[in-house]
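Participant: The structure's right below; bear with me while I get my questions together.
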Amino acid sequence: MFARSMAPLGGLFLVLLVVAMASSTVPFSSAALPRFEQPIKSDGSLSLLAVGDWGRNGTFNQSRVAFQMGRIGDDLDVDFVVSLGDNFYEDGLTGVDDKFFEESFTSIYTAKSLQKQWYAILGNHDYRGDVLAQLDPALREIDSRWLCMRSFIVDTEVAQLFFVDTTPFVKKYWKTPNKHHYDWREVAPREKYVSNLLKELDSALSESTATWKIVLGHHTMRSVSDHGDTEELVERLLPILEANGVDLYVNGHDHCLEHISSNDSPIQFITSGGGSKAWRGVFDPTVDKLQFFYDGQGFISLQLTKSQAKIVFYDVFGTVVHQWSAAKNFNFFM
Ligand SMILES: *[C@@H]1O[C@H](CO)[C@@H](O)[C@H](O)[C@H]1NC(C)=O
Ligand SMILES: *[C@@H]1O[C@H](CO)[C@@H](O)[C@H](O)[C@H]1NC(C)=O
């Protein structure tokens, strides 16, 4: 456990050093996406849990979902946990000393099986607070599991996970934020940030030799629930995923569980945004093929080997409500 959680910290230090050096000489060069190495189990498998849209001090069933994550995490002996953003409601954290971090994270996900590395990205609600605080390594001194970055890559022997900061894509947060303030420090101007990110992602994906390529972001790509499809992502991110043979796009944002299959590619769209407040009561079909929709709280697990992938969806009782698996054959003869 300690070896596991130390590896990303060492990697992070190196990356920050490179970023610092690059930015002092060439202010606008885009540094390559930070990378972390995640070991797999000795039997060649990897398992993880993914949950989004959760930090509410345990309310709205957050604690019940957390308890079931602990139980399933133990059953599967998960290697790490993914947070898909909207980590702290309603407006992110106020600073690195915000007690809401411990109240909504440390004191809630207490199960032994969840004392692993957490890889977190930001959601739109996180951008309404002090974003730099959520990204600050000082939080790891309070809870060593926490690793939150805007966009980064987790390398494993069976899969590569590409975490993408999707909030800056969405124009309405910039143009019509209404009463909300979005913290765009180190992001603005938008177009430069988004096009650099897409370029970095495209090159990382095209170099990838991983069996399973998994892209994770906060915002929906395809969704039948409240927020629906995120147009900016369908327009700009989806073509890159299709061109590079991505298998899964995993997101939060809509507070429900969804599985939608693309009509034009092998991509599966997975929503796991049921970390706390749910039951929105919206159902609005999209152009792609709906496999599963559950409007309540829950989370997913992902189990991977070089030849197989399995996704399981759980509700607030930890009951399996849907599952999907896929296999890849290795035919090396031509
Ligand atoms: C969160 O819960 C703790 C413990 O129950 C309480 O002391 C604190 O005031 C709550 N915080 C908020 C923001 O509701
Ligand atoms: C918590 O989960 C139970 C079981 O699904 C449900 O009946 C209840 O309405 C949920 N509470 C909230 C606040 O969503």
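Participant: What is the distance in Å between the Cα centroid of segment 235-284 and that of segment 73-147?
Facilitator: Using only Cα atoms, the two centres lie 22 Å from each other.
Participant: Ok, one more. Which net charge results when you count Lys and Arg as +1 and Asp and Glu as -1 among the other residues whose beta-carbon is under 11 Å from that of G85?
Facilitator: Net local charge, G85 excluded: -3.
Participant: How much mean residue ellipticity at 222 nm does the chain get from its helices, if each DSSP H run of length 4 or more adds -39500 (n - 2.57) and you divide by all residues, to the nearest 500 deg cm²/dmol?
Facilitator: -7500 deg cm²/dmol, from helical runs alone.
Participant: Let me ask something else. Going by average Cβ density within 10 Å per residue, which order do the peptides 33-44, 241-252 take, highest to lowest?
Facilitator: Result, highest mean Cβ count within 10 Å first: 241-252, 33-44.
Participant: While we're here: For segment 36-319, what proportion of DSSP beta bridges, expressed in % and rounded to the nearest 5, is antiparallel?
Facilitator: 50 percent
Participant: Wrap a convex hull around the Cα atoms of the chain, take a quarter of its surface area, and give that in square nanometres.
Facilitator: Here the figure is 16.7 nm², rounded to one decimal.
Participant: Also: Any idea what the dipole of segment 36-319 comes to, in debye rounded to 20, about its Cα centre with Lys/Arg Cβ at +1 and Asp/Glu Cβ at -1?
Facilitator: Dipole size: approximately 220 debye.
Participant: Is segment 272-318 rounded, prolate or oblate when judged by the Cα gyration tensor, a ≥ b ≥ c being the square roots of its eigenvalues, rounded requiring a/c under 1.5 and prolate requiring a/b larger than b/c?
Facilitator: It comes out oblate by the Cα gyration axes.
Participant: Just need the relative contact order of the chain here, percent rounded to a whole number, with Cα pairs under 8 Å and 6+ apart.
Facilitator: Contact order relative to length: 19 percent.
Read the figures in this text as sums done on the coordinates, not as results from a lab. What you are looking at is a predicted structure, and each value in this text was computed from that prediction instead of being measured. Note: ideal-geometry Cβ built from the backbone for every residue, glycine included; neighbour counts use all protein chains shown.
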